[in-house]
1. Just going by the charge dipole of the range B:2-217, with Lys and Arg at +1 and Asp and Glu at -1 on Cβ, which of B:ALA52, B:LEU81, B:VAL93 is farthest out on the positive end?
2. Let me know the shape class of chain A, please: from the alpha-carbon gyration tensor, a ≥ b ≥ c as square roots of the eigenvalues, rounded when a/c is under 1.5, otherwise prolate if a/b is greater than b/c, or oblate.
3. So how strong a dipole does the range B:64-194 carry about its Cα centre when Lys and Arg Cβ are +1 and Asp and Glu Cβ are -1, to the nearest 20 debye?
4. HN-Hα J couplings of the range A:74-84 from phi, Karplus 6.51/-1.76/1.60, θ = phi - 60°, integer Hz, Gly and Pro as x?
5. Could you tell me whether the range B:34-158 comes out rounded, prolate or oblate from its Cα gyration tensor? Rule is a ≥ b ≥ c as square roots of the eigenvalues, rounded for a/c under 1.5, then prolate if a/b exceeds b/c, otherwise oblate.
6. Once you sort the root eigenvalues of the Cα gyration tensor of the range B:6-87 as a ≥ b ≥ c, which label holds: rounded (a/c under 1.5), prolate (a/b larger than b/c) or oblate (the other case)?
7. About the Cα centre of the protein assembly as shown, how large is the charge dipole given +1 on each Lys and Arg Cβ and -1 on each Asp and Glu Cβ? Please answer in debye to the nearest 20.
8. Give the interface area between chains C and B as buried accessible surface, both sides summed, probe 1.4 Å, in Å² to the nearest 100.
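The values are calculated or read from the model by the stated rules, or taken from the named source; none is laboratory data. Being a predicted model, the structure only gives us computed values, none of them experimental. Heads up, the Cβs are rebuilt from the backbone with ideal geometry, glycines too, and the neighbour counts pull from every protein chain shown. Heavy atoms of the whole protein, side chains included, go into the accessibility calculation; ligands, DNA and RNA do not. Shrake-Rupley method; radii C 1.70, N 1.55, O 1.52, S 1.80 Å.
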Amino acid sequence: MIEIRGLKKAFGPRVALDGVVLDIEAGERVLLVGPNGAGKTTLLRILATLSRPTGGAVRVWGHDVTRADVAIRRMIGFLSHESLLYDDLTARQNLRFYARMYGMDKPDARIASLLSAVGLERRADDLVREFSRGMQQRLAVARAVLHAPKLLLLDEPYTGLDVAAADALTVLLQTLTQVGCTLLMTTHYPAQEGHLAQRVIVMRRGRVLDDGPLGELTTLDARYRAILARPAPVSPPPAALAAVDWRGKEL
Amino acid sequence: MLRQIGAIVAKDLAAELHTREIVSAMLVFATMAILIFSFALDLRGASGRAAAPGVLWTTIAFSGTLGLSRSLAREQQNGGLSGLLLAVEERSVIFFGKAAGSFVLMLLVVVVLLPLGSVLLNVNLLRPDIAGVMVLGTVGYAAVGTLLAAIAVNTRAREVMLPILALPVLVPLLIAAVQATAGLLEGMVPVDSWIRMLVVYDLVMIAVGVVTFEYVVEG
Amino acid sequence: MSVESRESQVATRVYEVGGKTKASGWDWALGLLSSVAFLVALAMVFGYAPREATMGEIQRIFYFHVASAWVGFFGFSVTFVAGILYLVRSQRRWDILGLSSAEVGLAFITMAVVTGSLWAGPVWGTYWTWEPRLTISAVQLLLYVAYVMLRASTANEERIARFAAVYGIVAFVTVPLSWFAIRWWRTIHPEIVSSEGMGLAPPMRMTLFVSVAAFTLLYAALLRQRMRLESARDRLTAAQGRLAPEEW
């Protein structure tokens, strides 16, 4: 369902993704781990059609992500570090607005059930700017799954959630994956947050270092550390740099 | 597509109803601007009438940049336009939605500004033909302003950047709008060519905005 | 170019690092040519072109004034075209061309505004007159000062390239609109002294032609150097990026 071939992304001269190759089947639940700057967020943004690759090919449901039309984009649910919410609207107004943007008919029942699923039913008509970090994260999750996406891309979904909210999120994600939704989420705590996953991908320096089944949760952290302890992948040697004098002559 | 544009406008107005910060900031600024012009240029009697079109449009030009900065900053505050980009049918929907929303907010300011200017500048601005010029000028302003504000909010000095980018681009619009308003007030000068100029400006800038906006919001 | 390769170019944002940074024969030739052309133009302005009857010697600034205004406008039109090409192709070379041409154009348009003002001073008794051509130069000056400020306003190179391309297009579209607005504005409030319909004697026309050619050559020479500088800067950034430690 997701096919990634030789994916590269550079921000100016800085390389964020350096030849990623990856296949993810429909219905898979995948955990994406790696140190900061490994390229996890960049990968999710490209899959969400929000960022253009510098090179390589990325296909989602057989469609090139750089040319994904609205039908493809609307099958994606994306949760980013940022909440993508409007501070000056209430929780309910935020969800109503996105429901209208997604062309949903009669969304009120769905909105009400999602708000109670994330435990915000009593704050539904308060402005988002008054919400705590954790409450904003809960509403952001509700926003991401509002339109019942077929592919969920979650960037550190458990960040800022208390234990109860984290459990509620797990239940919510379970109900979605049970109906065949594909899940790709990043985390820094695979052992604590990985119980939904079947497969773990380890990234570093814009490359996939390791890719395998989840295995025992209890040993996951140790395996993750062992993978990171391997020597880092080496960037290609720099092209010869010519030093030039003021006339442009090589020195 | 129209439904999505409508949703964006309705969302902007709902947010404005909660905070009232854009309209109130523009109104307070506009009122102060007219007062300061009156003191600084000693606009009493005939000189007020003569300066009215210029004062009016200068006030709109400067207060408009306040509102537009804020309107686009609202989109940017929690993760840019990513949420919208995933949902819209085409990226131009965002351009039309934001421009229409800003147009409505600016029009609210103009509605207050015209009677206020009439009183302070001793001239009758409450005329349908002058209102028409206001609408034409505000349309072009909202189109240019939305495109350039989307650029400016992504730079370091956001609020400072927008007037620097927008005002030189607005030169033709301001000349035409001031001349049309002045012509209508004087009553003897034909203003057709200025009206035509405003319409052409509006159409050109909407076209440029629709075509280039998608490159501005690309991630 | 095959259809496929064109498609892949459209689909991806190619970040080319640098272009040529070494000076080629063309760089030397352009520098030399523009120097010679300038000497010829100067000689013609002071030696060949006749003294203008009413304005006197001061009118000789006209040749450089018109030439720099023309080259400034030409530079901005190159930025406009480069902006369109950048948005379509996403290749750094078009960004470099657009930015270099805008900066060089800005230098020339500034020269046009200053020479115009120097000309107006003694002739019309005021250093600033809302003569349409002078006014449009001043508007262009503002537009491209804004362009340069925009370029300096964020560190994200890929984003600023897109923004600058868009602004380069918007600014260029503004120029003809402003021109008509200013022209009509000035005809409604007629000027005491008008530069319209100034008949040029053939030697004057010839001198103007050579001046324009000299300025255009100088523009080309400066443009190439500015582009070379930008390419060198790219290579430096790329080298620093490779040397930098991994970001953790």
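1. So the residue furthest toward the plus end is B:LEU81.
2. Prolate, since a/c reaches 1.5 and a/b exceeds b/c.
3. For this selection, approximately 400 debye.
4. Values per residue, Gly and Pro as x: 6, 8, 9, x, 10, 10, 9, 4, 8, 6, 6 Hz.
5. The shape class here is prolate.
6. It comes out prolate by the Cα gyration axes.
7. Here the protein assembly as shown has a charge dipole of around 900 debye.
8. 2700
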